1. Restricting attention to region 53-90, which residues are in contact with an Asp or Glu (Cβ under 9 Å, 6 or more places away or on another chain) and either among the aromatic types (Phe, Trp, Tyr) or assigned to a strand (DSSP E or B) (or both)?
2. What is the one condition in (1) in contact with a helix residue (DSSP H, G or I) (Cβ under 9 Å, 6 or more places away or on another chain); (2) open to solvent by 40 Å² or more (accessible area, probe 1.4 Å); (3) modelled with pLDDT of 85 or more that Cys126 does not satisfy?
3. Taking Leu19, is it surrounded by fewer than 17 Cβ atoms within 10 Å (Cβ to Cβ), at pLDDT 90 or above and either farther than 19 Å from Gln75 by Cβ or touching a strand residue (DSSP E or B) at 6+ places or on another chain (Cβ under 7 Å) (or both)?
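The values are calculated or read from the model by the stated rules, or taken from the named source; none is laboratory data. Please read all numbers here as calculations on a predicted model, not as lab measurements. Virtual Cβ from ideal backbone geometry, glycine too; neighbours counted across all protein chains shown. Areas reflect the complete protein model, heavy atoms only, side chains present, ligands, DNA and RNA absent. Shrake-Rupley method; radii C 1.70, N 1.55, O 1.52, S 1.80 Å.
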Amino acid sequence: MIPEESFGSIENRMQTVGLALEELLVTAQKQDCLTVGIYESAKLLNADPDSVVLCVLAADGEDDVALQIHFTLLQSFCCDSGITILRVSGVQRLQQLLGAVDANRNQEECGDLHCMLVTNPQADHCRLEEVGSYCQESRRLDQWVPELVLQER
């Protein structure tokens, strides 16, 4: 049995990493180092996989079979290429974060937040390190694709 304080510390860790991820994504978007969308991400991974430092796959328990197939293919490619992968739930929070940065974007442009790639290792490096270490810790605990829940605000 896991002590109750362990659950609290795990929850705190996930919340801290969630905030780091949010900051990282917003910073990457401002620096034009964020590729958004499954199709756009697949094109970048095919053209220049070495430029990608983080792949974020976002879904809120959707039963979309096509989306799950895309996720499986993206995960496999990222794993083979040594790219850190993180699955996230909280698509609405991502829309709040990334849609607010550029109000001139239409809904279609910021609508496909199911896959995002961070492409610049300098994009808020300490946050990238924090998210990366969380992913490494999760893999050590046999969680092949680490998961994170973003909190609504």
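1. Leu86, Arg87, Val88, Ser89
2. For Cys126, the failing item is (3).
3. Working: surrounded by fewer than 17 Cβ atoms within 10 Å (Cβ to Cβ): yes; at pLDDT 90 or above: yes; either farther than 19 Å from Gln75 by Cβ or touching a strand residue (DSSP E or B) at 6+ places or on another chain (Cβ under 7 Å) (or both): yes.
Considered against the rule, which asks whether it is surrounded by fewer than 17 Cβ atoms within 10 Å (Cβ to Cβ), at pLDDT 90 or above and either farther than 19 Å from Gln75 by Cβ or touching a strand residue (DSSP E or B) at 6+ places or on another chain (Cβ under 7 Å) (or both), Leu19 comes out as yes.
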